[in-house]
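Worksheet: the structure to be examined is printed underneath.
The values are calculated or read from the model by the stated rules, or taken from the named source; none is laboratory data. In this text the structure is predicted, and so the values were computed from the model without any measurement. Here Cβ is always computed from backbone atoms with ideal geometry, including for glycine, and neighbour counts include all displayed protein chains. Side chains are part of the model used for accessible areas, which takes the heavy atoms of the whole protein and leaves out ligands, DNA and RNA. Shrake-Rupley method; radii C 1.70, N 1.55, O 1.52, S 1.80 Å.
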Amino acid sequence: MTPPPRPAPSVGLQGPLWRAIVVFRFASLAFALALIAGNVRYYARPLGAIPVVLVMIGWTVAASWLYARPRRRGWPLLIADVAVTAAVLLSAQLVIGSAALARGTPGMAVAWLAAPVLAWAVAGGRRLGVTAALLVGLADVAVRPRLNQASVTGTTLMLLAAVGVGHVTRLAAIAEARLQRAVELEAANRERERLARDIHDSVLQVLALVRRRGASLDGEAGELARLAGEQEAALRRLIATGAPPTPSGTVDLGALVTAYASDVVSVAAPATAVPLPAETSTQVAAAVGAALDNAARHAGPAARVFVLVEDEPGAVTVTVRDDGTGIPAGRLEAAEGEGRLGVAQAIRGRIADLGGTVRIHSAPGQGTEIEMTVPKVSL
């Protein structure tokens, strides 16, 4: 048989629950033995209680040892647990006798019968726990001479315990899954930051050096410089958009934009995180990358670029400013008319889709400033 269904793979947070069941087994066994010793004189066959007691003690020790290993907590052990408990319950008819049971003499299992119910609830949640409670409850009711309110009290308590413990187990599984996800995200974020540092210190600097040194050259050298600049920008975008979302689904825009920093690009961002929905942060960072690409191509080889991230109460504004040659009047409109839609689609289109606005201020010889604002209220 396959193992019982579980709410989620859980070892760490379910461990205390399994240990608590072991404590319950021994505590309930001690209580049952005390009741048997106090009532054995009323039994129809007092000597018959000896093998039942030995079975209860032996199974308590064996079950506690078997359940200690997660790989053993499958159907065979769970079914055996219920079967042994049911056998102890049914033996009351023979050992105690109908007459004694009718006079109110308690059975031999008493609280000990709830142990398999708790085990099933922890192993498979509320549904499995309720199933075990019904199976054990039927065996308990079967030995009762009369069916009355007192006869079903034990079954009712077991059902309530199964629901409660099963629900706690489900919450523990969910909490452990979320904790694991948070740990994975933190590890991924640290690895991404480490790779970003290594790339920034080596590959990006080499590409930036090739772009600067070859920008003023003609022929193949100039083409290589242009290609190096494009790959530098693409690699920066790859690093920036690799930030994993937090458990709440947000991404720090400041971290994405800061990844674009280089020897020619200065980035100023708030010291605290600028959390935005993952898609919003990714699109804004991509728009910033497009603006940096535009500056690298048109601002001139000696131009520097400055990026400012402002986290305001109602909006987030990212400004990309360069001190390059600037954009002649009508240049952007002419580019759109010629089908070159880099600024229109890569910057304005992305920000407009987020409900934001883009303002471009430029003049020949005075550099270019691109201001992108995304309102938080529309996110």
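Against the condition closer than 24 Å to P46 by Cα, open to solvent by 10 Å² or more (accessible area, probe 1.4 Å) and among the small types (G, A, S), how does A109 come out, does it pass?
Taking the combined requirement at face value, the residue does not satisfy it.
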Going residue by residue through the range 62-79, is there one that turns out to be modelled with pLDDT under 95, open to solvent by 50 Å² or more (accessible area, probe 1.4 Å), assigned to a helix (DSSP H, G or I) and among the charged types (D, E, K, R)? yes
Suppose we keep only residues that are open to solvent by 20 Å² or more (accessible area, probe 1.4 Å) and β-branched (V, I, T) within the range 265-313. Which one would you say is modelled with the highest pLDDT? V267
Restricting to the range 1-34, count the residues that are at pLDDT 80 or above and either open to solvent by 50 Å² or more (accessible area, probe 1.4 Å) or among the acidic types (D, E) (or both). 11
List the residue pairs whose Cβ atoms are under 6 Å apart, where the first residue sits in the range 17-44 and is without any contact (Cβ under 8 Å) to a residue 24 or more places away in the chain, the second is open to solvent by 50 Å² or more (accessible area, probe 1.4 Å) and assigned to a helix (DSSP H, G or I), and the two are 6 or more positions apart or on different chains. V40/P46
Residues being not in a loop (DSSP other than H, G, I, E, B) and not hydroxyl-bearing (S, T, Y) - total across the range 264-282: 8
Search the range 121-142 for residues that are in contact (Cβ under 8 Å) with a residue 60 or more places away in the chain and pair each with any residue that is open to solvent by less than 60 Å² (accessible area, probe 1.4 Å) and part of a helix (DSSP H, G or I) when their beta-carbon atoms are under 6 Å apart and the residues are at least 6 apart or on different chains. V122/L17; V122/T169; G125/G166; G125/T169; L128/W120
What is the residue count in the range 200-245 for residues that are in a helix (DSSP H, G or I), among the charged types (D, E, K, R) and at pLDDT 65 or above? 8
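May I ask you to say which residue of A115, A173 is open to solvent by less than 50 Å² (accessible area, probe 1.4 Å), in a helix (DSSP H, G or I) and touching a Phe, Trp or Tyr at 6+ places or on another chain (Cβ under 9 Å)?
A115
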Any hit, the range 86-98, residues being closer than 19 Å to R144 by Cα, in a helix (DSSP H, G or I), small (G, A, S) and open to solvent by 50 Å² or more (accessible area, probe 1.4 Å): yes
